[in-house]
1. Apply the a/c threshold of 1.5 to the C-alpha gyration tensor of region 1-130 and tell me whether it is rounded, prolate or oblate.
2. Give me, ordered by chain and number, the residues 5 or more places off SER82 or on other chains with an amide H under 5 Å from its own placed amide H.
3. For region 138-259, with equal point scatterers placed on the C-alpha atoms only and solvent neglected, what are the log10 I(q)/I(0) values from the Debye formula at q = 0.11, 0.13, 0.15, 0.16 1/Å, to two decimals?
4. Please give the residues of region 195-216, grouped as numeric ranges, whose backbone N is less than 11 Å from a label point set 7 Å along the Cα-to-Cβ vector of PHE312.
5. Obtain the nm distance between the two label points defined at HIS226 and SER125 by a simple spin-label model: each point lies 7 Å from its Cα along the Cα-to-C-beta direction.
6. Counting DSSP beta bridges in the chain, what percent are antiparallel, to the nearest 5?
7. Where Lys and Arg each count +1 and Asp and Glu each count -1, what net charge lies around GLN155 among other residues with Cβ under 14 Å from its Cβ?
8. Hey, what did the chain get for relative contact order, percent, Cα under 8 Å, at least 6 apart?
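Just so you know, all these numbers are worked out from the coordinates, no wet-lab data involved. Fair warning: this is a prediction, and the values are worked out from it, not measured in the lab. As a convention, Cβ positions derive from the backbone with ideal geometry for all residues, glycine included, and neighbour counts pool all protein chains shown.
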Amino acid sequence: MESVVRRLLEEYLKVYIAYSRNRKIRFYSTSGGVATALLKYLLEGGHVDVAIVPKPNFRGGLVYGVWTIIRNPNEVSKYSGSLYTTTFGFSRVINHALSRFRRIAVTTLPCHTRAIKRLLQPRGSDRDVFIIGLYCNNAPSMWAARYALRYFNIQVGDVEWVKFREHGWPGYTTIKTKRGVLRIPYPTFWGSGFGQYFYGLGCYLCNGQTNPLTDVSLADPWTLLHEPIKRLGGATLVVVRTRRGLEVFEDAVKAGCIEAIEVHPVYAVQDATLLKLSRRVLGRRFNEFNEYVLPPSFTTIAYEMLYRVGHFLASREGLWSLLRLYHRVARPLVLKVASVLDHRLQTRWAKVYAYIKLLQRARVPREIYSLAHLELNKSS
Ligand SMILES: Cc1cc2nc3c(=O)[nH]c(=O)nc-3n(C[C@H](O)[C@H](O)[C@H](O)COP(=O)(O)OP(=O)(O)OC[C@H]3O[C@@H](n4cnc5c(N)ncnc54)[C@H](O)[C@@H]3O)c2cc1C
Ligand code: SF4
């Protein structure tokens, strides 16, 4: 079992469920505010000179990020929350930071991690850059937010800013318009088609979802029981990858910035992990990450087909009403049929999927209940 999980996750030392002990940080972050807490801890303690994160920008319903450098630990919380969109200027900011500062912390998606590793290769050491990686299923394009705003009948011209994740877990997407503030449950916003069709071919082929080359990789705790995590106000699943990652994480826990309990690594395997590690059949071409480790199945081919057609519709604004219909009617139907076929015919993919689900159900970490209980007592 250990070997199956290791094959799916690659290098790791320990896996935790954790959260920032600062309730405000937790409330305004994506899952448990661990990225924010770690960046703050590293800057405050002088362990790094600067942190590099993407800054959100808004124009005409388009949302995008521009990478920026921060030195002041009090500024870190301003950037909390996931930016589910394209970001610009990564290589420029990293090169600049490497030439000016000795020690850097950076939050990355798996493709950024690869880029940093490539940049650092000629130096022969990556000790100066602490990488806080995020899991990544895909990064929707700038246009995805515009589509979703229309989907929810929001006047695009009225929008002042959008924050994709905040307000507890799994939280809400907050949209500030000239008329007021709107909050849409995050799963509804992501599931509107926003997260399904607007990403490019690079994301379609990418299989680095768990961000293996980092010091720590962070994810939503989708695979754990949701109720106690909601009660906690959110938590982040933390995969510690390196010795240095373990030292920093444990020190942040000792310093009282983070609360953490160790959980079985099988919880770090998500449905998206299995999908992203499955061989593509509709357009294989290059793949810069490691090889796909799972065979295709009816489910994975269905996802590919749905993406291919949906992406075509998403790339033409005039076809967005058709995309809505396609998303609401065709998608659930196709996925249902594919899942039934996989399970009836017992494909290898279905067996691995069932095995992982079984292990996750069999090993429910009861400590989360006591943590949730503790938090509830603290706040009452
Ligand atoms: C595009 C994208 C796809 C994701 N896909 C998955 C997934 O499939 N499964 C899953 O479990 N989790 C996924 N995540 C990770 C998840 O959304 C959270 O980032 C993670 O749970 C950490 O939460 P946190 O509360 O500890 O982070 P927070 O405390 O909220 O801090 C997040 C930090 O990451 C930085 N950041 C935000 N967006 C980006 C970005 N695009 N690139 C680099 N840095 C960024 C912020 O500036 C902030 O410093 C994804 C994140 C992104 C951005
Ligand atoms: S899916 Fe892969 S290529 Fe796309 S943004 Fe995420 S890490 Fe980058």
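1. Rounded shape, in that the Cα axes give a/c under 1.5.
2. Amide H neighbours of SER82: THR30, ARG165.
3. Debye curve over Cα of region 138-259, log10 I(q)/I(0) at q = 0.11, 0.13, 0.15, 0.16 Å⁻¹: -0.52, -0.71, -0.89, -0.97.
4. Under 11 Å, as judged by backbone N against the label point of PHE312, lies no residue of region 195-216.
5. The answer from the label model is 4.7 nm.
6. Percent antiparallel among DSSP bridges in the chain is about 70.
7. It works out to a net charge of +3.
8. The value is 21 percent.
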